Amino acid sequence: MHLDTYYPIYFNRPSTASQRAYRLLYHLLSHGYEETFPVNASDSLGTFHRDDQVTRIDYVWSCSMLKSFALTSYIFDAQDTCSSDHNPIITQDGFNFLLKSLKTISSALHGLLLLKEKDFQNSSIRAKLDDRDNNFETDISSFIDSALSRTRRRITLDRVFIDHPTQPKLLTDPLDIDDAVINHFQNFVPIKSSPPDNISDLPQRWSSAYHPMDDVDSSIYNSLLDPPTLEEWLSTVSSMPNDKAPGPSMITYEMLKHLGPNTSALVLILVQSCFHTADIPDLWRQAM
């Protein structure tokens, strides 16, 4: 039975149209499907499609033996060749679903992008921290620059013009530029072969700067480099603050303050030797 023969039953006898025998046709008609020309031009097989959605049913069998055919059938390799009179359409509902899907995908991609940016930021921070830790042992100047957020200002010389009276030159080769710059800074300020032996031999600008001041007694410098006495050493140590971080030697002020008199005297001998020989242990020098 086709829909054209089912229409009178559907419109005139609703109770009969909803019976079990007409359930398939009732479902198709009540959901907006309509019959079109069959694909195989058969009188017993109909082709149905729906007008308001992108949905179609190419073959509908209402045969009572359909269940038994489905149970006993098997699948074999075959290539169907058929033509169809269905035109693909995009309805408003399908377009809204497409927009919703695109928004969902866009939101997921945006979240993934944020995660990737966060991972890249964390890896960059870890790399910078590792470089700073390594520079503390291998390149202390770079460590200090990084700790102080200090950047080095640089200039790039890609050409040098030598203003020679007879043979002016324009240098563009990097090696020639380096040689010209080094030669300029080495010879720009002439160096005298015999430096002055006395302050009075200096130019007036420098002699006035280095000349002793009349209101300062020169004898105050006589004991400047004298080694400290035990009393001076103990007084200096006791005036140091507590709870300070030790240097690389790991010796705190509290340790020096709690030394006995004999050990304090031995430490003073070490300090006096440093003054006398002008030699300071390497770890002490790093701590300053």
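We did not get these values from a lab; they are worked out from the coordinates using the rules stated. These numbers were taken from a predicted model, which means no experiment stands behind them. Heads up, the Cβs are rebuilt from the backbone with ideal geometry, glycines too, and the neighbour counts pull from every protein chain shown.
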Under 12 Å from a point 7 Å along the Cα-to-Cβ line of PHE188: which residues of the range 143-171 have their amide N that close? none
For ASN242, what is the net charge nearby, where nearby means another residue's Cβ is under 14 Å from its Cβ and Lys, Arg count +1, Asp, Glu -1? 0
Neighbourhood charge, 15 Å Cβ-Cβ cut-off, centred on GLN272 and excluding it, Lys, Arg +1 and Asp, Glu -1: -4
Any chance you could count the Lys pairs in the range 95-219 whose alpha carbons are under 26 Å apart, treating pairs 8 or more apart or on different chains as valid? 5
Test of understanding: what is the full-extension gain from PHE161 to SER235, defined as 0.36 nm times their sequence separation minus their Cα-Cα distance? 20.3 nm
With the Cα gyration tensor of the range 93-147 in hand, convert its eigenvalues to equivalent ellipsoid semi-axes via √(5λ) and list them largest first in whole Å. 48, 7, 4
